[in-house]
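K.L.:
Below are the structure tokens for one structure; questions will follow.
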Amino acid sequence: MRITAGGTGDVDTVLALLDGATAWLVGLGRTGQWGTEPHSTNPRRVAQVTEWAEGGRLHLAHLDGQVAGALAVGEAMPWVPPATEPELYVNLLVTNRALAGRGVGARLLGHARDMARERGAHLLRVDCYGGGDRALVRYYERQGFTATEPFAVGEWPGQLLVQRLRSG
């Protein structure tokens with residue numbers, strides 16, 4: 001697996017990953033996380049992915065000749081409490097459902113850990129959908145994160161998770 005920096009030419013690819021993940025969730029009857037509509041038709045989501053790409057915050061995993069996943073990192077989202085120390089915040093983690101079970105998400109989170117350490121941060125945070133059966137929260141816990149504060153954005157239930165990083 002190879003990880004590269006993403007750019008503005010990758011926006012449609014990332015939106016396609018998001019659309020695929022949403023369709024997969026809808027197929028499972030799990031519409032609470034991202035709803036039912038494609039991200040590629042949402043101007044706010046298109047602008048967000050474009051901003052990540054233009055700001056050098058987007059990273060892509062490649063496996064078997066295709067884009068296997070995407071990661072965006074940067075500042076904490078406005079709906080979570082600010083960190084009290086230097087951190088790197090995972091703003092997006094999405095994988096290609098056709099490559100499920102190949103460790104793509106874990107590898108991208110490892111890349112985020114490496115970037116945090118390079119920047120002198122010993123804290124990695126992420127937020128995710130905290131509703132339903134909390135499967136996504138459990139995924140991040142298996143990746144070494146600890147659930148801290150739950151929060152809500154309107155009616156949408158979220159969960160903040162943190163991971164302390166050791167040097168090197």
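K.L.:
Based on other C-beta atoms within 10 Å, arrange THR31, THR13 from fewest to most.
P.N.:
The most exposed by this proxy come first: THR31, THR13.
K.L.:
Now a separate question. Exposed loop trypsin sites (Lys or Arg not before Pro) only (DSSP loop, at most 13 other Cβ atoms within 10 Å): please give the longest stretch of the chain free of them, not including the sites.
P.N.:
1-118
K.L.:
Where Lys and Arg each count +1 and Asp and Glu each count -1, what net charge lies around VAL49 among other residues with Cβ under 14 Å from its Cβ?
P.N.:
Overall, the nearby charge balance is -2.
K.L.:
Taking a ≥ b ≥ c as the square roots of the Cα gyration tensor eigenvalues, with a/c under 1.5 meaning rounded and otherwise prolate when a/b beats b/c, else oblate, which class fits the range 1-91?
P.N.:
It comes out oblate by the Cα gyration axes.
K.L.:
Quick check on the chain: helices-only [θ] at 222 nm, where DSSP H runs of length 4 and up contribute -39,500 (n - 2.57) each and the sum goes over total residues. Nearest 500, please.
P.N.:
Details: 4 runs with 52 residues, N = 168.
That comes out to -10000 deg cm²/dmol.
K.L.:
Among HIS59, HIS111, which comes first, then next, by fewest other beta-carbon atoms within 10 Å?
P.N.:
If I rank by nearby Cβ atoms, fewest first, I get HIS111, HIS59.
K.L.:
Where both residues lie in the chain, what percent of DSSP beta bridges are antiparallel, nearest 5?
P.N.:
Details: 29 of 32 bridges.
Counting DSSP beta bridges with both partners in the chain, the antiparallel share is about 90 percent.
K.L.:
Highest GNM mean-square fluctuation, the chain, Cα pairs closer than 10 Å: which of PRO86, PRO78, PRO38?
P.N.:
Looking only at PRO86, PRO78, PRO38, the largest GNM fluctuation is found for PRO78.
K.L.:
Using the Kirkwood formula on the Cα atoms of the range 2-164, what hydrodynamic radius do you get, in angstrom to one decimal?
P.N.:
In the range 2-164 this quantity evaluates to 16.1 Å.
K.L.:
Shifting gears a bit: Please go through the range 92-168 and write out the GluC sites (Glu not before Pro) that DSSP classes as loop and that have at most 11 other C-beta atoms within 10 Å.
P.N.:
Qualifying residues, ordered by number: GLU155.
K.L.:
Per-residue HN-Hα couplings for the range 103-117, Karplus 6.51 cos²θ - 1.76 cosθ + 1.60 at θ = phi - 60°, whole Hz, x for Gly and Pro?
P.N.:
x, 5, x, 4, 5, 5, 5, x, 5, 4, 4, 4, 5, 4, 4
Any read-out appearing in this document is the output of simple, stated calculations on the displayed coordinates, not a laboratory observation. Note that the structure is a prediction, hence the values are computed from the model and not measured. Cβ sites come from the backbone with ideal geometry, for glycine too, and all protein chains shown count toward neighbours.
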